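Just so it is clear, none of the values below were taken in a lab; they were calculated from the coordinates. As the structure is a prediction and not an experimental result, all values here were calculated from the model. Positions of Cβ are generated from backbone atoms using ideal geometry, with glycine treated the same way; all protein chains shown enter the neighbour counts.
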Amino acid sequence: MPPRAPKRCADCTALVYGGGNRCPEHVRQPWANRRWERARADTAAHRRMKADVLSRAGYLCQVSDTGCLGAATQVDRIDNTLGYVEGNLEAACRPCHAKKSSREGNVAQGHRVSEPSNAAVPTRSNAGSTREHDGAAPKTGVPRCLWIG
């Protein structure tokens with residue numbers, strides 16, 4: 001098979017051989033410009049704020065969408081334009097946070113989206129229950145994985 005024809009680099013006039021669209025000088029590193037995102041979420045103040053929000057919510061998901069796990073492990077901004085400020089944060093489990101973020105992104109792009117289903121919200125009243133887990137879903141609508149016996 002003959003070698004591919006060379007192309008011009010996307011950032012300069014150098015020829016690029018063997019596929020790709022950038023010369024060795026302009027090759028982009030994956031995630032090279034996204035270091036600031038990691039740094040923002042990896043500060044002591046951010047970890048403290050996340051721990052405060054989760055403990056205040058009792059480590060229970062406050063979004064409660066379809067597929068909710070009940071146990072919150074992430075913090076979500078209620079209004080994304082306000083940033084990480086007190087009163088604008090809520091505890092969320094991973095599936096609920098992903099669905100809410102996806103829904104907000106689709107709305108921002110002008111796509112039509114369905115409304116959240118508002119599944120049953122787990123309450124603190126069953127968190128200290130001594131009831132054995134019998135394999136059946138509780139009647140309160142709380143997911144099976146949340147029962148702590």
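Quick check on the exposure proxy: order D11, D42 from fewest to most C-beta atoms within 10 angstrom.
Arranged by neighbour count, lowest to highest, D11, D42 become D42, D11.
Near A72, the amide H atoms lying under 5 Å from its own belong to L60, C61; only residues 5 or more places off or on other chains count, and H is placed 1.01 Å from N.
Extension gain for D79 to H46 (0.36 nm times residue separation, less C-alpha to C-alpha distance): 10.1 nm.
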